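Here's the structure, in structure tokens; my notes come after.
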Amino acid sequence: MDDAGDGAPGSGTKRKAPAAAAAAAKGKAAGKGKAAPKAALATAKESSLLKQKSPAEFFAENKNIAGFDNPGKSLYTTMRELVENALDSAESISELPDIEITIEEITKSKFNTMIGLVDRERIDEELYDDFESDKAREKRLAKEARFQETQAKNAALGKKVKEAPAARGKGRGEAAFFRVTCKDNGRGMPHDDIPNMLGRVLSGTKYGLRQTRGKFGLGAKMALIWSKMSTGLPIEIKSSMKGQNFISFCRLDIDIHKNVPHVHFHEKRENKDRWHGAELQVIIEGNWTTHRSKILHYMRQMAVITPYAQFLFRFLSDSADKNLTIQFARRTDVMPPIPLQTKHHPSAVDLLLIKRLISETTKQNLLQFLQHEFVNISKSHAERLIGEMGPDFSAKMAVKSLTSQQIVRIHQLFRQAKFDDPNGNCLSPAGEYNLRLGIIKELHPDLVATHASSPQVFEGHPFIVEAGISIGGKDVKHGLNIFRYANRIPLLFEQGADVITRTALKRINWGSYKINQQQDKIGVFVSIVSTKIPFKGTGKEYIGDDITEISSAVQSALKQCCLQLKSKIVKKLQARERQDRKRNLNRYIPDVARAIMETLGEIADESPPKRPCYDKEDEELLEKVNSQEVTEMTFRDCLTQHVEQVDYEMALEYAMQSGVSEEPREAFYLNSLEGSYKFIDFQSPVFVFRFIP
């Protein structure tokens, strides 16, 4: 019992019970440091109240970390996670991705039918948040009438008519539900592993040091958690691996408190079409209206960075005018290489990571551990490091026997010693060729330039920056249109603080490259790939501007693109000047030809005694004028040919000076060969030469 329970009613003070007071006095008399039995019981009770949260429970309570801030953002993030998983699955087996995404709107009555809930008529209207009293309704109708009257007067006077303001509800409104389905032609999932792969948070196949699309390693698991929280419905999975004669079908949800899958149904079905891949279907609460533009923008940006993939996006609704189908066609069959798992760089590890590597290594001694568990440590380099660690270390000492103090010494030496930078061979950028194709395919610009940097390093992690800039195009606004990518996925939120945005706005002098920042339609594309993307913010939606190596690399890549564009723009300006000059000359040809003809006619009409003597060629010309063998049209043709010749000679002279031929060019495309075959690709920024032995 609580001690306060023994106090007198209404008393403001607490009195100890006699037994408790006696026990306390006895404990005090027994000597210092001895706790009373009551205190010991209280401590035990407090310790029993300690709780441990599962990873699924943590992310459920902090769903905004994974991008599930609200229903609209949750719909966007669910679609994005499923698409990125599908791309990873297809690329892992070098299969050209073919992905179908469907978002189907589910009405409240249909949702209630699905879960076996009967719709009920409202009984107490005032109980609901959207209830409107008679007085409030009269006030609203009067306001609408005044607005319509004002609009009618404006229309009569020829003034601009405003649209009627949308009615705003003061509450949350009715929930909207959506069935999100994503189907791919990727690797598929092993039948027995499906429950754990989708129903257990922080378990998967992508952990390790490599370039990955994911931000948290959650994938579709967070969509399952959101489904559990918003609709309570399970997720459905169909999957089949290459060569399997069956399709795995599984319906499951997740026990959030235990972080274990709850399997409703799991069976094998016949695979008549020999299909391989995965199809995931989840029903969640969402908001299509608020995030429609974000979802479509994401799909367009993904089509730019993955032109080797084909996407089919559909939005289905009971209202036919809301239905939407968009296909992003494949433009190339050249895929980036699969990212390779790599070892840690010594300068990028911490104490916990060193201890984990020691516990997991199969190497016996310290020399082998340093040489094989880290990059850029050769045998001779490892021996020098061990000699620098001190007399307590030796090359043959067992690595498992290292003490905590010795591990700290290794960590300190790693931070101070000099190591070669990682070479970046483990990275898989989109490729300058693919980036250029994607920009051309989706934006249809007038001019485009691309550049890929060599591998660079920050904090022991390699990274590559690819950039592209386009001028003109369809569905592009005037000014800067910035497209940001991290490990080949679009970043759409928190753009203002991103290193790419700040570099494009503040560190590039567009005018010096003949580009008008306000009037031209400028597309800025920057893709950064690395084994560690330095995201900022809880949602990991932007890359910070505080890493000098990355900001310098982004600025350098954009400047290289600007230099390419400047050369093209100058050529276009010069060509335009030539065309203007030629047009002006051609405009005066009729007047000049007429004046020449009139002058020659007057000379030819003069009698021979009064006419001066001319040489033989001039006399022949006058005779031809008299005989009308030479007419005004003759002079027009001669002058036109002369203007053409001068224009050609000036263009030829410019081409010789610049080293570029301005001869007419015709674009052509070759169809890919059918069937499987071995080949070697030789890539350049503007073409790929495929050699088939």
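The values are calculated or read from the model by the stated rules, or taken from the named source; none is laboratory data. The shown structure was predicted, so the numbers you read here are calculated from the model rather than taken from an experiment. Positions of Cβ are backbone-derived with ideal geometry, glycine not excepted, and every protein chain shown enters the neighbour counts. Only protein heavy atoms, including side chains, enter the accessible area calculation; ligands, DNA and RNA are left aside. Shrake-Rupley method; radii C 1.70, N 1.55, O 1.52, S 1.80 Å.
Observations, loosely collected:
- Both the radius of gyration and Dmax for the range 280-375 are 23.5, 70 Å, in that order, over alpha-carbon atoms.
- Centre-to-centre, using Cα atoms only, the range 465-487 and the range 507-530 are separated by 8 Å.
- Sites T640 and K568, calculated FRET efficiency, Cβ-Cβ separation with R0 35 Å, nearest 0.05: 0.70
- The lysine pair count for the range 432-564, using Cα distances under 22 Å and pairs eight or more places apart or on different chains, is 16.
- Coarse-grained scattering of the range 471-532 at q = 0.18, 0.23, 0.25 Å⁻¹, given as base-10 log I(q)/I(0) from a Debye sum over alpha-carbon atoms: -0.69, -1.02, -1.13
- What the Cα atoms of the range 432-564 give is an Rg and a Dmax of 14.0, 41 Å.
- A viscosity of 1.567 mPa s and a temperature of 4 °C, combined with the Kirkwood radius over Cα pairs in Stokes-Einstein, give a translational diffusion coefficient for the range 55-123 of 85 µm²/s.
- Largest to smallest principal axis extent of the C-alpha atoms in the range 187-340, angstrom: 39, 39, 38
- What a 1.4 Å probe finds exposed on the range 346-416 is 47% carbon and sulfur by accessible area, rounded to a whole percent.
- Cα→Cβ-extended label distance, 7 Å offset, between F147 and S401, nm: 8.3
- Once the 1.4 Å probe is applied to the protein heavy atoms, the range 346-416 comes out at 56 Å² accessible per residue.
- Counting only heavy atoms of the protein chains and using a 1.4 Å probe, T362 has close to 110 Å² of accessible surface.
- Accessible surface, the range 432-564, averaged per residue in Å² (probe 1.4 Å): 36
- Debye equation applied to the C-alpha atoms of the range 346-416, log10 I(q)/I(0) at 0.13, 0.17, 0.20, 0.23 Å⁻¹: -0.29, -0.53, -0.76, -1.08
- Accessible carbon and sulfur surface of the range 432-564 relative to its total accessible area, %, 1.4 Å: 44
- Here the label points at I115 and D333, each 7 Å from Cα along the C-beta direction, are separated by 4.8 nm in the simple model.
- Across all Cα atoms of the range 510-628, the radius of gyration (one decimal) and Dmax (whole number) stand at 32.6, 102 Å.
- Accessible area in square angstrom per residue, the range 186-343, 1.4 angstrom probe: 46
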